[in-house]
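Heads up, the thing below is written out as structure tokens.
The values are calculated or read from the model by the stated rules, or taken from the named source; none is laboratory data. Since this is a predicted model, take the numbers as computed values, not measurements. All Cβ positions, glycine included, derive from the backbone under ideal geometry; neighbour counts span all protein chains shown. The accessibility values were calculated without ligands, DNA or RNA, using every heavy atom of the protein model including side chains. Shrake-Rupley method; radii C 1.70, N 1.55, O 1.52, S 1.80 Å.
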Amino acid sequence: MAHEVALTKDAERDLEDIYRYIAEHDSRASADHVLERLLQTTDSLRSTPDRGSPPRELLSLGISEYRQVFFKPYRLIYRVHAQQVVIYVIADSRRDMQSLLARRLLGS
């Protein structure tokens, strides 16, 4: 049975920011390509949501209910709730992920 995939407002903003950055610093064609691949990665979670691994930054805090998949260098951080996959973060993995995840997921 296929899962529903939903993006939080923050994850939608992440996609917009990534697209805008690539379009400004590289090209619109590159931005289109990256956006398409990120959306494909998102869509793939409909059929295989459990394939991702727990983010190490959260595991070190004893939190294992979140998972991640990659379209390098981007990480999609999500959680499976029954038949729904909720994506919370889409970010360049070269960022300070510890701080980003603490802010976004833990409210720190």
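Can you give me the number of residues within the stretch 62-80 that are touching a strand residue (DSSP E or B) at 6+ places or on another chain (Cβ under 8 Å), open to solvent by 70 Å² or more (accessible area, probe 1.4 Å) and not in a strand (DSSP E or B)?
Count: 1.
Between residues in the stretch 94-108 that are in a loop (DSSP other than H, G, I, E, B) and residues that are exposed (fewer than 11 other Cβ atoms within 10 Å of the Cβ), which pairs lie under 7 Å by C-beta distance while being six or more apart or on different chains?
Arg94/Pro73
Counting just the residues of the stretch 81-107 that are among the aliphatic types (A, V, I, L, M) and over 20 Å from Leu38 (Cα atoms), which one comes out surrounded by the most Cβ atoms within 10 Å (Cβ to Cβ)?
Residues of the stretch 81-107 that are among the aliphatic types (A, V, I, L, M), as a first pass: 82, 85-87, 89-91, 97, 100-102, 105-106.
Now drop any that are not over 20 Å from Leu38 (Cα atoms), which leaves 82, 102, 105-106.
On the way: Ala82: 7, Ala102: 15, Leu105: 20, Leu106: 10.
In this case the residue turns out to be Leu105.
Just name the residue that is farthest from Ser44 (Cα to Cα) out of those in the stretch 81-93 that are in a loop (DSSP other than H, G, I, E, B) and free of Cβ contacts under 8 Å to residues at least 40 places away in the same chain.
Narrowing the stretch 81-93 to residues in a loop (DSSP other than H, G, I, E, B): 82-83, 93.
With the extra rule that they be free of Cβ contacts under 8 Å to residues at least 40 places away in the same chain, the set shrinks to 82, 93.
Working: Ala82: 17, Ser93: 20 Å.
Applying the filter and picking the extreme gives Ser93.
Output yes when any residue across the stretch 38-46 is among the hydroxyl-bearing types (Ser, Thr, Tyr), crowded, with 17+ Cβ neighbours inside 10 Å and in contact (Cβ under 8 Å) with a residue 60 or more places away in the chain, and no when none is.
no
Of all residues in the stretch 24-61, which are of a type in the set (A, V, I, L, M), modelled with pLDDT of 95 or more and either assigned to a loop (DSSP other than H, G, I, E, B) or within 14 Å of the chain's Cα centre (by Cα) (or both)? Talk me through it step by step, then tell me what you get.
Initially, the stretch 24-61 is screened for residues of a type in the set (A, V, I, L, M), giving 29, 31, 34-35, 38-39, 45, 58-59, 61.
Cutting the leftovers down to modelled with pLDDT of 95 or more gives us 29, 31, 34-35, 38-39, 45.
If the condition is that a residue be of a type in the set (A, V, I, L, M), modelled with pLDDT of 95 or more and either assigned to a loop (DSSP other than H, G, I, E, B) or within 14 Å of the chain's Cα centre (by Cα) (or both), then Val34, Leu35, Leu38, Leu39, Leu45 are the ones that fit.
Quick one: in the stretch 13-36, which of the residues that are surrounded by 13 or more Cβ atoms within 10 Å (Cβ to Cβ) and of a type in the set (D, E, K, R) is nearest to Gln84 (Cα to Cα)?
Ranking the candidates gives Asp14 first.
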